[in-house]
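A.B. asks: What follows is a single structure, and I will ask about it in a moment.
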Amino acid sequence: MQANQDTSWHALSVQGTLAILKTGRKGLTGAEAQSRLELFGPNALAQGERKPKWKLILEQFTSPLIAVLIVCGVITIFLGHYVDAGAIFAVLILNAIIGYVQESKADKAVEALTSLASPTTRVLREGDAITIDAADLVPGDVVLLESGDRVPADLRLVDAIHLKINESMLTGESEDARKGTDAVESDAALGDRTNVAFSGTMVTSGRGQGVVVATGADTELGEINDLVHVSKGLTPLQKILKRAETGIAIAVILVAVFVFIGGTILEGNPAQAFLSAVSLVVASMPEALPIVLTVAMALGVSRMAQYNAIVRSLPAVETLGSITVIGSDKTGTLTQNRMSVEQVALGGGSVQQLTEVSESPAAQALLKAGALTNEAQRSIAEDGSTVYSGDAVDMAMARAADEAGAVNAEQLQSTIELQTPYEPELLHSMTIRRNEDGSLTQYVKGAPDAVMAMCTAMQDANGAPQTLDIAAIHAAYEQMGSQGLRVIGVASRLIPAGEDIDQHKRAHDMTFLGLEGMLDPPREGVREAIADCAKAGIRVIMITGDHPVTAAAIGQRLGLESTGQALTGSEMLGMSDEVLAARLRETSIAARVSPQDKLRIVETLQNQGEVVAVTGDGVNDAPALKAASVGIAMGESGTDVAREASDVVLTDDNFVTITQAVRQGRVTFKAIRGSAYFLLATAAAAMIAVGVNVIADMPLLFLPLQMLWINFVTNGVQDIALGFEPGDGEELKAPPRSRTEGLLSTTLWSRVAVCGLWMATCVLVLFHVCVTRGMDLAQARTLALTLLVLFNFFVAMSARSETKLIAQLNPLDNKFLLLASLVALAIHAGAMYWPALAGVLGMAPLSLQQWALCLGVGLTVLVFAEGDKLIRQFLARHGHSPRSAIHHTRRSIASMLRSGI
């Protein structure tokens, strides 16, 4: 027996399936089952190979920046500065712990998948029903299914009695799937394979039997398990930091080597040159950057939690701020996951909104009939509201009737004399109820064509009977369908007293009451949130298992713009990646997609350079959630598998929450960028000053301990405090930053260069003047060191915003930065006036005049930092970019030169 996993079992007849699997309705023999178990292996999901813990730990110390920090720490120990060395290694350990914890979560999605496996199952062996371990199932086994069972393998159904299975975790559709045994088209989508029960899904009602066609890794669940092992790679921030760390490490090492060699040649004192090189490394290395990143992202986590977004992976905080595409589920995220009757067509009349006609006699009759042939269950919540449970269509029709007052408690409790539940083969449900006066009324609801075939008359808009107008009903039906509504036809008939009830098992001579059109309505605020995403340069693509027409109608209601028709899973089968990328550029709706299709959409978009966030709640979403730049799972309706595969969990399942999370992500990156700018500008100043000092053959500008003092005592708190910078409320008014842009923008890099050069020049000139005038070396160093501290103070204040002036910012918006900066100045001043500490640091007290000199010169750095902002604001108000302004100036100068001016 050869079971081919590529076989379209759903397209085969029951007998054809049994023949290929060489089995029968009584199941396999014990010997044959054992033989097949040895051939196919156990019915279990494959476990991915985990990295050893020691390897995960070692990987936390592999970046260039970390390597240089380790060297700095070791050198600091040899210098005898154990406290400073302890601070450096504390940073390294904290960074390693965070990285290890995040990476160790990676395999939990796979663990959650394996938990879906059913431990035992009932099968037929030689006609006898026995219970076996689900892991022992083999192709050809006949499995017995009942309400409450978890399907243990992929089954081709051979018997189904009122069988319904919840497949939402695979298909994304909230409504239970009604199952039968008839063959379906070979290209049918997953949600349309009505004769297959998939592994891991749950039987909600009815019973059935199915022959096993796939086990373990060959099941749909097994394929998802394989896809979950896909790695999403580095986040945008991680890629940026990797480049920045490498560049910084190389630059610092090269300059340090240059300073050591130059100092040795010029001064002939290798020991002194080595001290200078160490000073430069300690002064230039932004060792606080890992802490800044951790603090900024931890703050982002806290802020997002206030908006019902729980972040499971720290890097996801920043990545949210850089996304360019959101691939969103429909049910429960964009919509309320609650079908509601929105439109009706009374008799053969025109389509109308239910709210406009709900009190009319014809609408009351329609809604009453829909509620009285209905299996929805009602219960009362603690707050007194009515809670509905059952089939989504039944709940919608019951709720509509209750809200319109079309049915009362006595009618709902009336005796049911005869009932036919909905069956796919019948396409309708039927109920005969006894009225208070003893008469009987027959109610039917179902597919409009099936209901119309039972009718000989219809009601008009006033509820009076008239001749059946099939053409008019069809026109209303098509109008509702074109809007993506689920349309149900409803009819009724009064059974004359004395008639044999058995004559009405098959409904006939009914009066057609009308059509009810229902839709899962959009969540409040979603349309506005999608519009906000568009303003922020973010595309929203709806990815759903719904029918394309329904998906397109909902997309239109939500404001999703598409120049083409909805993309479907079957359409994707014959598409190359290039054609798919082109289709995704013209449509914002993907319908009837499988887990593999959803994953392919994500990967195609990412290959086009997009930063993709994907939402999901089911097992079917896990591969895409894991592969996406940011996976966003639902907290209320989501499965454990989806949550474990995600980076962010929405506790309210609301798309609106995503826009708030995106805003906080952008706030976080702005804070990180501000801290990085501050660190690099001050590091550039120190690097230039120390390097030029050695080449100029001047006395050592700063002692290594003084550089450590600045880094850990003064600057060490300010750079972290910049991570607390809140947003300015305009984060969603700008497009995502360019994917080619690094940790700093071109604007900030230019400020780093200009401000760093200016600060270094001022420090060197001040030190040189003091030394040449015979000032004590300790005093001169203290003066230069204090000037650098004040420069750093003003750069930190300017670093709060890349575009806004200090005067346009409220200093109390970041109280921590203001307090930290003032405390850092106070600590620095206290150190120079406390003789014991001043002696250790090689510092001397300054006079008021010297403080005033440092303050005056320190303020000059704002001319460059704030002046650049002012110029750029002016150009922006007049519709020019700095680049275009420079180009215009060059052209004007060239024109004047050509004209002889």
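A.B. asks: What's the ranking of 408-415, 848-855, 695-702 by average number of surrounding C-beta atoms within 10 Å, highest first?
C.D. replies: 695-702, 848-855, 408-415
A.B. asks: Take the alpha-carbon centre of region 354-375, take the same for region 530-578, and report the distance between them in whole Å.
C.D. replies: 34
A.B. asks: Quick check on the exposure proxy: order I165, I501, I806 from fewest to most C-beta atoms within 10 angstrom.
C.D. replies: So the residues, fewest neighbours to most, are I501, I806, I165.
A.B. asks: In addition: Within a 10 angstrom radius of the beta carbon, how do T120, T7, T544 rank from fewest other beta carbons to most?
C.D. replies: So the ranking, lowest neighbour count to highest, is T120, T7, T544.
A.B. asks: Okay, moving on. What number do you get for region 669-893 when its Cα radius of gyration is normalised by 2.2 N^0.38 Å, N = residues?
C.D. replies: In units of the globular-protein estimate, region 669-893 measures up at 1.09.
A.B. asks: May I ask you to order 373-386, 210-223 by the average number of other C-beta atoms within 10 Å around their residues, highest value first?
C.D. replies: So the peptides 373-386, 210-223, ranked by packing, come out 210-223, 373-386.
A.B. asks: Name the shape class, rounded, prolate or oblate, that the alpha-carbon gyration tensor gives for region 421-495, where a ≥ b ≥ c are the square roots of its eigenvalues, rounded holds for a/c under 1.5, and otherwise prolate holds if a/b is larger than b/c and oblate otherwise.
C.D. replies: oblate
A.B. asks: In nanometres, what is the gap between the two model label sites at I93 and A778, each 7 Å from Cα along Cα-to-Cβ?
C.D. replies: Label-label distance for I93 and A778, simple model: 3.5 nm.
A.B. asks: For Q565 and E741, what is the calculated FRET efficiency with R₀ set at 41 Å and r taken between the beta-carbons, to the nearest 0.05?
C.D. replies: 0.70
A.B. asks: Would you tally the net charge around A134, using a Cβ to Cβ cut-off of less than 14 Å, leaving A134 out, and scoring K and R as +1, D and E as -1?
C.D. replies: -3
A.B. asks: Now for a separate question. Evaluate E = 1/(1 + (r/R0)^6) for A453 and S186, where r is the Cβ-Cβ distance and R0 equals 22 Å; express this FRET efficiency to the nearest 0.05.
C.D. replies: That pair, A453 with S186, gives E of 0.15.
A.B. asks: Identify the residues of region 346-384 with backbone N under 13 Å of a label point that sits 7 angstrom from the Cα of S482 along the Cα-to-Cβ direction, or state none.
C.D. replies: Correct set: 351.
A.B. asks: Please compute the net charge surrounding G347, taking Lys and Arg as +1 and Asp and Glu as -1 over other residues with Cβ under 14 Å from its Cβ.
C.D. replies: Surrounding charge for G347 is -3.
A.B. asks: What is the calculated FRET efficiency for V387 to K815, with r their C-beta to C-beta distance and R₀ = 45 Å, to the nearest 0.05?
C.D. replies: 0.45
A.B. asks: Further, regarding this structure: Using a basic spin-label model with each label point 7 Å from the Cα along Cα→Cβ, how many nm lie between T467 and Q353?
C.D. replies: 3.5
A.B. asks: Shifting gears a bit: Are there GluC sites (Glu not before Pro) in region 419-495 that DSSP marks as loop and that have at most 13 other Cβ atoms within 10 Å, and which are they?
C.D. replies: Of the GluC sites (Glu not before Pro), the ones in loops of region 419-495 whose Cβ has at most 13 other Cβ atoms within 10 Å are E425, E436.
A.B. asks: What distance in nm separates the two pseudo spin-label positions at L757 and Q873, each 7 Å out from Cα along the beta-carbon direction?
C.D. replies: It works out to 2.5 nm between the two label points.
A.B. asks: What size of dipole, in debye to the nearest 20, comes out for region 340-519 about its Cα centre when the only charges are +1 on Lys and Arg C-beta atoms and -1 on Asp and Glu C-beta atoms?
C.D. replies: Charge dipole, region 340-519, about its Cα centre: 180 debye, nearest 20.
A.B. asks: I would also like to ask the following. Compute the signed sum of charges (Lys and Arg +1, Asp and Glu -1) over the other residues within less than 14 Å, Cβ to Cβ, of P119.
C.D. replies: Residues close to P119 contribute a combined charge of -1.
A.B. asks: So what's Rg/Rh here for region 376-435, counting alpha carbon atoms and using the Kirkwood radius for Rh?
C.D. replies: 1.00
A.B. asks: Counting only C-alpha contacts under 8 Å and six or more residues apart, can you give the relative contact order of region 669-893 as a whole percent?
C.D. replies: Here the relative contact order equals 29 percent.
A.B. asks: Are there trypsin sites (Lys or Arg not before Pro) in region 463-562 that DSSP marks as loop and that have at most 13 other Cβ atoms within 10 Å, and which are they?
C.D. replies: K505, R506
A.B. asks: Same structure again: Which of rounded, prolate or oblate describes region 340-519 when judged by the alpha-carbon gyration tensor and an a/c cut-off of 1.5?
C.D. replies: The shape class here is rounded.
We did not get these values from a lab; they are worked out from the coordinates using the rules stated. Computed from a predicted structure; not experimentally measured. FYI the Cβ positions are ideal-geometry reconstructions off the backbone, even for glycines, and counts take in every protein chain you see.
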